[in-house]
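Step one of this worksheet: look at the structure below.
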Amino acid sequence: MSGDSTYVPKSRLAQWFESRLPVIGLVHSSFVAFPNPRNLNYWWTFGGILSFMLAAQIITGIVLAMHYTPQSGLAFASIEHIMRDVNYGWLLRYMHANGASMFFFALYVHMFRGMYYGSYKSPREVLWLLGVIIYLLAIATAFMGYVLPWGQMSFWGATVITSLFSAIPIVGDSITTWLWGGYAVDNATLNRFFSLHYLLPFMIAGVVVLHIWALHVHGSNNPAGIEKNSAKDTLPFHPYFTVKDGFALVCFLVFYGWFVFYVPNYLGDADNYIEANPLQTPVHIVPEWYYLPFYAILRSIPNKLGGAAAMFTAVLIISFLPWLDTSPVKSASYRPLYRIFFWLFVACAVLLGYMGSQPPEGGYVIAARFLTVYYFLHFLVILPLLGRYEKPKPLPASIYDAVLGKSGAVEATSHRLEVREPGQ
Amino acid sequence: MKHRNAFRRGVGVAFGAVLTVALTAGAAHVFAADDAGPETGKTHEQPKPPRQEWSFNGFFGRYDQAQLQRGFQVYREVCSNCHSLKLVAFRNLADPGGPGFSEEQVKALAAQYQIKDGPNDAGDMFERPGRPSDYFPWNFPNEQAARAALGAVPPDMSLLAKARSYERGFPLFLIDPILQYQEQGPDYIDAILNGYTNDKDPNWNEYMPGHKIAMPMPLSDGAVDYADGSPKTVQQYAKDVSAFLMWAAEPKLEERKRIGFGVLIFLSVYALLLLAVKKKIWHRPEAHGKEATP
């Protein structure tokens, strides 16, 4: 990971070690001396929050796995054993279950921040693609994790989503049987989902390393959306951004703690406290909240193959953003029209989520269809055209000037500079 | 400043859009429901369970020990005739944050049950008096026996208070996590037990989805003899047994809320300290920047 390598080992031992494996220097240049744009606002703290949440999920998950039994006849009872008999088992499980929601919440803020400030644009396309891969892996991980308690919604959610593969022409049924390890979601499915649920987070961690590596090649984008070009535009990662990220993280933990300790079952489904029963279908099969927009897209197409294709396309289309957004200006702060369309897109995604949580009938289906069309219109029509017809506002000359709230370069007040963070 | 205003305006636009489409969709849904036909009439109406006052609600919620003991009595004398409670052990009744029975009481209670054990050295299964470490036995040897006797398998009661809920709808579901409403389960159970309002049909229940319930009215006034002078009414029984079932489903609730309070206080103070440090560091950052380092 690039950056200013100003690290000079002081002790002889550190010198000896550093000349053989310069890992302290790498950490120093990446997380201590690394020059960050000085105008980063609090929306930029969610990357650090996500790293923390990934670590928290892995640690709580490893301990939970010590007490969990991945066997269809025992899984449900082993979760209750964790909740009732394992020391602080209830805390570990509620942290892990709500932690998944917190991870996705932070992930969506992080992604929307990238969209608002055009963080996916050149030279950060690969950084964005790595982020989309992390998102896909997180979707798969959380989906399989939700199956493990072997409640009614675990079982039927798994059945609905894996059955989508049977819509593939000719080979669909064979693929589904192969995924299940049998002719229905059963013990074999639970076993492999447990195995993969344990594996994928470490793959996410690997891609996170690549993500940070790619990030540190050009450094973070920033609210002004212009590249740093002098030392005045930046501040060292430590102490400026360690303290800012730290403060944001603790605030986020208050939010997380509220859910874990006071409404731990709010984000879950009551039906998942009923043990899986293949003979009894729940009245409404609803996925976890973070899948709801895509679930709404799936259901809004009255054809199984078409619905599944639309759902997967809706996720994958995010990776094409760097090429669908044709505007050379990154930040929505200087794009008056895109700013409106960005918020319309946010509203569209939130509303799709609401439609996904409702029974597929009457007005909900109609609304979901309109929203699905708009979702794709945003990517395929609005973004390409906006870049051509929108007249952006004049950009500041440098990040330093943007901090001063100037769009022209004036350099008289460098002594009494109070850093103001836009967008807070 | 400019960015901030832009952001606010953006949030306003998004909120407006959300509201508009949500209201439109809601209205569309209402009209769609009206179109469902006239025959639906009364059976289509699904009243929401009324909210009850629970001692275990909110920040400082705790179980009411006397209520849990009464609820346990209702479970033992009425519900347990058909329902199992297989995740709860006798010893749990003496656990902190529970009904608060003494260890002697639990021992004596367990000994009243006959538990199947074995095989012994001769290879035979046998019955012995229960011990505190045993789990509550079911009145039926298996699900088939229950179905043969009752026509359906009564659900296990260990998690019932967390496994039952009802639709809160927009916008209440957005307010619930803020006001910490997590008692949909006990509210629902309480409503069901009070919902047998049709004298002609014992399987009609006002709060059951579809109004058809396999369980005929289980409680009647005076059926359980309370020793502490509480009213011997269906209403009181329903409330007490709902509270007991909440404890059975969430036995660590008191510990959770107590620890959570400490955690949130700690994190809030920590956040304030970090904010102060952050403000100090970010004051005149050029003095700390690399230009200033020797």
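Here, each number is a calculation from the coordinates, and none is a lab measurement. Because the structure is predicted, anything quoted here is derived from the model rather than measured. Every residue, glycine as well, gets a Cβ built from its backbone with ideal geometry; the counts of neighbours run over all protein chains shown.
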Additional length obtainable on full extension of the chain from A:ALA397 to A:ASN303, 0.36 nm per residue less Cα span:
28.6 nm
Which is the longest part of chain A that has none of the GluC sites (Glu not before Pro) sitting in a DSSP loop with at most 12 other Cβ atoms within 10 Å?
A:1-360
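Considering every Cα-Cα pair within chain A, what fraction, in whole percent, is farther apart than 27 Å?
Values: 52607 of 89676 pairs.
Of the Cα pairs, 59 percent sit more than 27 Å apart.
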Where nothing but the Cβ of Lys and Arg (+1) and of Asp and Glu (-1) is charged, how large is the charge dipole of the protein assembly as shown around its Cα centre, in debye to the nearest 20?
3340
By how many nm would the segment from B:SER133 to B:ASP121 lengthen if fully extended, with 0.36 nm per residue of separation less the alpha-carbon distance?
2.1 nm
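Note down the magnitude of the dipole of segment A:292-394 about its Cα centre, charges +1 on Lys and Arg C-beta and -1 on Asp and Glu C-beta and zero elsewhere, to the nearest 20 debye. Write out the running numbers ahead of the final one.
Numbers: 9 positive and 3 negative charges, 57 e Å.
Dipole magnitude for segment A:292-394 comes out near 280 debye.
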Compactness of segment A:312-401, expressed as Rg and Dmax over alpha-carbon positions, Å
15.8, 54
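What do you get for chymotrypsin sites (Phe, Trp or Tyr not before Pro) in segment A:159-197 restricted to DSSP loop and a cutoff of at most 13 other Cβ within 10 Å of the site's Cβ?
Filter output for segment A:159-197: A:TYR183.
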Label point distance in nm, A:ILE133-A:MET203, each placed 7 Å from Cα along Cα→Cβ:
1.1
By a straight-distance test (C-alpha under 21 Å), which lysines pair with B:LYS239 as possible cross-link partners, with residues fewer than eight away in the same chain excluded?
B:LYS48, B:LYS162, B:LYS252
Simple spin-label estimate for B:ASN142 and A:HIS218 in nanometres, 7 Å along Cα-Cβ
6.7
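Quick check on the protein assembly as shown: take the gyration tensor over C-alpha atoms, sort the square-rooted eigenvalues as a ≥ b ≥ c, and tell me if it's rounded (a/c under 1.5), prolate or oblate. Don't skip to the end; give the middle numbers.
Values: a/c = 2.04, a/b = 1.66, b/c = 1.22.
Because a/c hits 1.5 or more and a/b exceeds b/c, the protein assembly as shown counts as prolate.
Hand me the trypsin sites (Lys or Arg not before Pro) from segment A:1-71 located in a DSSP loop with no more than 11 other Cβ atoms within 10 Å, in residue order please. Working shown, then result.
Working: sites: A:LYS10, A:ARG12, A:ARG20, A:ARG38; in loops: A:LYS10, A:ARG38.
Listed in order of number, the matching sites are A:LYS10.
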Per residue of A:253-266, how many C-beta atoms from partner chains lie within 10 Å of its own C-beta, taken as a mean?
6
Loop sites in segment A:14-121: chymotrypsin sites (Phe, Trp or Tyr not before Pro), DSSP, at most 16 other Cβ within 10 Å:
A:TYR88
Of A:VAL207, B:SER242, B:ASN57, which is farthest along the charge dipole of the protein assembly as shown in the positive direction, counting Lys and Arg as +1 and Asp and Glu as -1 at C-beta?
A:VAL207
